[in-house]
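Where a number appears in this text, it was derived from the coordinates with a stated rule and is not lab data. Nothing here was measured: the structure is a model prediction, and the numbers come from that model. Methodologically, a virtual Cβ is constructed for each residue, glycine included, from the backbone with ideal geometry; neighbour enumeration extends over all protein chains shown.
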Amino acid sequence: MQEMKEEMKERVEQNPCVLPSSRSDQMQSLPAAALITAEPSIEWSDIELADSIVLDAREHLKKALGKLSAHQPPYGSRWQPQVDAIRRDIPALRDTISCLHYGQKNITFDGRPPFPSDPMELQLREWAVENEFPHLAPVLQRMYDNPLSFPESLGAFNGRMVSRIMYCHARIVLAGIQYTDKPKCVVEIGGGYGEIARLWRTSSLAPAESYVIVDIPECLFFAEIALTN
C-alpha cells in the first residue's frame with residue numbers, strides 16, 4: 001500500500017493539476033436540467049494525497065451530494081456555473097490552505113482585493129465601523145483576519161492582521177451582537193467559507209454556544225475546512 005501511495009504521489013508531481021486562471025473559465029456550465037439529474041462529476045481517486053481535514057470534508061460533501069433530490073431546482077445563473085467549477089476543481093485541492101484560497105479568490109463569496117498601500121484607507125474603514133457601533137469599538141479592535149487568508153489581501157494594522165473585506169465581516173458580526181442582544185444560537189444563511197462565523201465564534205463579548213451555517217453542499221465544503229483548521 002505504501003508503495004502504491006508513493007507511486008501515486010510521484011505521478012501527481014509529474015503531472016500536477018492546474019486550477020483555472022481566469023473567471024471566464026469558471027463560468028462554463030452544463031444545462032440546468034442535466035445538472036439536477038446527473039451524478040455530480042467529482043473524481044475521488046486521489047483521496048490518499050489530501051490532508052485529513054480535506055479528506056473529511058470531501059467525504060461529507062460526497063454524502064450530501066448523494067442525497068440531492070431529482071426535483072431540486074437549479075442554482076441559478078450566478079451559482080450554477082460556480083458549482084460546476086467547484087465540482088471540477090475539488091480533486092486538485094489537497095490541503096486546507098489551497099481550499100481556503102480557492103474559496104476566497106475563485107468563488108464570489110466576498111472578494112479579496114489587495115491590501116492597500118495607504119494605511120489611511122484602513123483607518124477610514126475602522127472609523128466607519130467604530131462610529132456605527134461606538135460601544136463595541138474594543139471588540140472591533142480585537143478582531144483579526146484569518147492568518148491563512150490569501151497573502152496579498154493581508155497586512156498589519158493597529159497591531160493585528162486585517163484585510164479590506166474584514167471590516168465588512170466585522171460590521172455584520174457587530175450588528176448581530178448589538179441588535180439581537182448577544183444570542184446563544186446563531187443561524188447564518190449563506191455562510192460562504194465561514195469567515196463571519198469565525199469572527200463571531202472568536203469574539204469574547206458574545207461567543208455563541210452554537211453556530212449553524214445553512215448553505216449548498218459545495219459551499220459548506222469550504223466552510224468546514226476553514227473553521228476546522
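Of the GluC sites (Glu not before Pro) found in the stretch 164-229, those in coil by DSSP whose Cβ has at most 16 other Cβ atoms within 10 Å are Glu209. Under conditions of 25 °C and 0.890 mPa s, the stretch 67-200 yields 147 µm² s⁻¹ as its translational diffusion coefficient, taking Rh as the Kirkwood radius over Cα pairs in the Stokes-Einstein equation. Once the Cα-Cα distance is subtracted from the 0.36 nm per residue extended length, the Asp51 to Lys67 segment shows a gain of 3.3 nm. A straight chain from Ile189 to Ala175 at 0.36 nm per residue would run longer than the Cα-Cα distance by 3.5 nm.
The relative contact order of the stretch 59-153, computed from alpha carbon pairs under 8 Å that lie at least 6 residues apart in sequence, is 30 percent. Using θ = phi - 60° in the Karplus curve 6.51 cos²θ - 1.76 cosθ + 1.60, the 3J(HN,Hα) couplings for the stretch 125-132 round to 5, 5, 4, 4, 6, 5, 5, 6 Hz; x is entered for Gly and Pro.
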